[in-house]
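This report refers to the structure that appears directly beneath it.
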Amino acid sequence: MNIPHPPVGYLINRISRLSQRWLDVRLKQFGITGATVPVLAILKSGEALTQKELAEQIGTEQPTMAQLLNRMERDGLITRMANPGDGRSSHVLLTERAVRSLPGARKVMEGGQALVTASFSTRELATLTRLLERYLASVETHLK
């Protein structure tokens, strides 16, 4: 069987893994990892959210989010406060340490994006983005 090109899912997975590895090495200086970036991005506004709300917004399972939040709390990136509306849950907030790390982390991520997209035209990037968004929507629709 002769496959003319690798499956799209394989390429996306490989890109994701390599990007994550590259990012983790460079974000280490700020005490964060690529896995923490979505949580940091959502909480940067200062709004306190529950673990459930974070999991829903990021699109991950609650046990996965619980593990990530435990690591982030251990590393001093988040703090949890009792949820006055529900004693079974807590609100998650960024610590001052996490807030201070955001500008540097953003520069690292923007630099990485610039590196890997330098050979693309604006039009090509727009097309790639649209195609990936369609692919993601299809995966979310058909593979849940």
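Points to keep in mind about this one:
- Taking residues in the stretch 98-127 that are over 17 Å from R21 (Cα atoms), and partners anywhere that are assigned to a loop (DSSP other than H, G, I, E, B) and not acidic (D, E), the pairs with Cβ atoms closer than 7 Å and at least 6 places apart or on different chains are A98/L77; S101/G31; S101/I32; L102/K44.
- No other residue among V108, V116 is of a type outside the set (G, A, S), assigned to a helix (DSSP H, G or I) and open to solvent by 50 Å² or more (accessible area, probe 1.4 Å) apart from V116.
- Only listed residue being modelled with pLDDT under 95 and under 28 Å from K144 (Cα atoms), chosen from G87, G34: G34
- Residue check, T122 modelled with pLDDT of 95 or more and not small (G, A, S): yes
- Pairs where the first residue, in the stretch 131-144, is closer than 14 Å to L11 by Cβ and the second is open to solvent by less than 90 Å² (accessible area, probe 1.4 Å) and assigned to a loop (DSSP other than H, G, I, E, B), C-beta under 6 Å, 6+ apart: none
- Looking across the stretch 8-29, not a single residue is open to solvent by less than 50 Å² (accessible area, probe 1.4 Å) and either among the hydroxyl-bearing types (S, T, Y) or in contact with a Leu (Cβ under 9 Å, 6 or more places away or on another chain) (or both).
- Filter result (open to solvent by 50 Å² or more (accessible area, probe 1.4 Å), more than 18 Å from R80 (Cβ to Cβ) and assigned to a helix (DSSP H, G or I)) within the stretch 36-65: A41
- Residues of the stretch 31-77 that are in contact (Cβ under 8 Å) with a residue 12 or more places away in the chain and more than 24 Å from S19 (Cα to Cα): G46, A48, L49, T50, Q51, K52, G76.
The values are calculated or read from the model by the stated rules, or taken from the named source; none is laboratory data. No experiment lies behind these values; they were computed from the predicted model shown. Note that we place each Cβ from the backbone using ideal geometry, even for glycine, and neighbour counts take in every protein chain shown. Side chains included, ligands, DNA and RNA excluded: accessible areas come from the protein's heavy atoms. Shrake-Rupley method; radii C 1.70, N 1.55, O 1.52, S 1.80 Å.
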